[in-house]
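Trainee: This is the structure I have questions about; it appears just below.
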Amino acid sequence: VQLQASGGGLVQAGGSLRLSCVTSGIIFSSYTMGWYRQAPGKQRELVATIRSSRSTNYADSVKDRFTISRDNAKNTAYLQMNSLKPEDTAVYYCNAQRTPMSPTYWGQGTLVTVSS
């Protein structure tokens with residue numbers, strides 16, 4: 001199983017980025033995909049999830065700014081991030097989990113830096 005996250009970079013406050021998470025080795029359409037982030041000195045936190053049914057869940061801090069989506073044909077999950085703030089600076093990780101009791105697979109992380 002491989003999850004490859006990409007799309008991070010340096011952006012000014014108010015800007016946008018789109019993260020991608022390409023997966024292999026799983027039946028992608030059956031998995032809940034998630035984006036998490038970890039800022040320096042802080043614990044990893046949930047950003048957003050999207051189920052196989054395409055229902056979504058967001059952290060309050062990113063609601064109305066971030067959008068999670070998936071393309072089952074491309075085995076890829078996305079995180080569109082708009083109106084970025086300096087406090088969004090973190091390493092962003094994607095993960096995949098089929099059920100709450102199943103193993104969780106993680107990508108390697110992609111760094112997002114938002115300058116003020």
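Here's the yes/no breakdown for (1) among the acidic types (D, E); (2) open to solvent by 60 Å² or more (accessible area, probe 1.4 Å); (3) touching a strand residue (DSSP E or B) at 6+ places or on another chain (Cβ under 8 Å):
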{"residue": "G25", "(1), (2), (3)": "no, yes, yes"}
{"residue": "Y31", "(1), (2), (3)": "no, no, yes"}
{"residue": "R37", "(1), (2), (3)": "no, no, yes"}
{"residue": "Q43", "(1), (2), (3)": "no, yes, no"}
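Yes/no per residue for (1) farther than 17 Å from L111 by Cα; (2) part of a strand (DSSP E or B); (3) free of Cβ contacts under 8 Å to residues at least 24 places away in the same chain; (4) within 11 Å of the chain's Cα centre (by Cα):
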residue	(1), (2), (3), (4)
V11	no, yes, no, no
C21	no, yes, no, yes
I26	yes, no, no, no
G41	no, no, yes, no
V47	no, yes, no, yes
L79	no, yes, no, yes
L84	no, no, no, no
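Trainee: Scan segment 99-116 for residues that are under 21 Å from S16 (Cβ atoms) and of a type in the set (S, T, Y) and report the count.
Mentor: 4
Trainee: On to the next question. Just wondering, is there one or more residues in segment 83-102 that are touching a Cys at 6+ places or on another chain (Cβ under 7 Å) and modelled with pLDDT of 95 or more?
Mentor: Within segment 83-102, one or more residues are touching a Cys at 6+ places or on another chain (Cβ under 7 Å) and modelled with pLDDT of 95 or more.
Trainee: Could you list, ordered by first residue, the pairs with Cβ atoms under 8 Å in which the first is in segment 98-116 and within 12 Å of D88 (Cβ to Cβ) and the second is among the β-branched types (V, I, T) and not in a strand (DSSP E or B), at least 6 apart or interchain?
Mentor: V112/T89; T113/T89; V114/T89
Trainee: Just one of the numbered conditions (1) under 13 Å from Q97 (Cα atoms); (2) in a strand (DSSP E or B); (3) in contact with a Leu (Cβ under 9 Å, 6 or more places away or on another chain); (4) among the β-branched types (V, I, T) is not true of T67; which one?
Mentor: T67 satisfies every listed condition except (1).
Trainee: A further question on this structure: Which residues, taken from segment 52-76, are loosely packed, with under 15 Cβ neighbours inside 10 Å and of a type in the set (D, E, K, R)?
Mentor: If the condition is that a residue be loosely packed, with under 15 Cβ neighbours inside 10 Å and of a type in the set (D, E, K, R), then R54, D60, K63, D64, D71, K74 are the ones that fit.
Trainee: From the set of residues in segment 77-116 that are among the aliphatic types (A, V, I, L, M) and touching a helix residue (DSSP H, G or I) at 6+ places or on another chain (Cβ under 9 Å), which is surrounded by the most Cβ atoms within 10 Å (Cβ to Cβ)?
Mentor: Per the criteria, the residue is A77.
The values are calculated or read from the model by the stated rules, or taken from the named source; none is laboratory data. Keep in mind it's a predicted model, so treat the numbers as computed, not measured. Cβ coordinates were reconstructed from backbone atoms using ideal geometry, including for glycine residues, and neighbour counts include every protein chain displayed. Accessible surface areas use protein heavy atoms only, side chains included; no ligands, DNA or RNA. Shrake-Rupley method; radii C 1.70, N 1.55, O 1.52, S 1.80 Å.
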